[in-house]
Structure formats: structure tokens, C-alpha cells
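*Asks:* Here you go, one structure.
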Amino acid sequence: MLNLSRTAINAALRDLDLAQLVKKQRAVVYQLNPMLAAYLSPEDAIAAVKAMPKNERLKATDFVDRYRRVITAYQDQLTEKRRRREDAKRRQNLKAVSGNRRNAGPQGDRTRRRGRGTPCPDSTEFDQSH
């Protein structure tokens, strides 16, 4: 048994899929590219390759360039997802911090202050800070 984590296996299968060396059929079921698979006879192998769309063949002239574009697009997608997740986390943290400040006065009570010398609507105190 290989001593690999599920994460490592998923990453490897994703890379093989992006390279079109395997094709995901459904959850946990992958099919080898017909050009890599073993066949009982050379005739079976030739028939399987001929049945493939030409752009999916490993000998396609733009295979390497297409693979590089797919990898770049995937990495860009991951970067964008990471950025969105970090932005959402940052907004949540700011909301939590601003929510705590809004309700806490200098004594830690719920006294709200509007501005210099302006009385608070629910307090008799004045803000005299300059």
C-alpha cells in the first residue's frame, strides 16, 4: 500500500486530468487516456486511438501549449478563490471589530458618541475630546 494522503492523491489525479492523461468519469472513477491504456491486441489499440477526437490525442501539435494554458488557468482560478476567501475573512474580522467599537464607550458601557460636544441621544454626557 502506498503511504499517501488523500490530499496528495487528489492533487495527483487533478494534474493527470488537466494533462488529459486520465479522464474523470464520476467520483473516484477515472479512465486512462486510450493512448496510455493496455489492450489485448494492437488492432484494439489502433481502434481506440482512432475513436478519440484528434485534439485529445497526446501527439496533437498544441498538446504541450494547451496543457500549459490549462495549468495557468487552474492556478489563476485557485489564486482568485484564495483572494475571495481572504477578503471575506478580512471583512468578517472588520465587521466584528467595528461592531464591538460601536457599542462600547470609554467606560465599556453602551454609551454612544456622535461628535465633538454633541450630546448622545441616550446619555447626558458630552464628548469633549479634541
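Just so it is clear, none of the values below were taken in a lab; they were calculated from the coordinates. This is a predicted model, so every value here is computed, not measured.
*Asks:* Using modelled backbone amide H atoms (1.01 Å from N, in-plane), which distant-in-sequence or interchain residues come within less than 5 Å of residue 22's amide H?
*Replies:* 17, 33
*Asks:* Let me ask something else. Scan around residue 30 for amide H atoms under 5 Å from its own, H built in the peptide plane at 1.01 Å from N, and keep only partners 5 or more places away or cross-chain.
*Replies:* Correct list: 25.
*Asks:* Applying the Karplus parametrisation 6.51 cos²θ - 1.76 cosθ + 1.60 with θ = phi - 60° to the phi angles of the range 3-10, what ³J(HN,Hα) value in whole Hz is obtained for each residue in order, glycine and proline being reported as x?
*Replies:* Rounded to whole hertz, the list is 9, 10, 6, 4, 4, 5, 5, 4.
*Asks:* I need the P(r) histogram for the range 1-103: all alpha carbon pairs, bin width 5 Å from 0 out to the longest distance, whole percents.
*Replies:* Using 5 Å bins, I get a P(r) of 2, 10, 12, 15, 15, 11, 9, 6, 5, 4, 4, 2, 2, 1, 1, 0 for the range 1-103.
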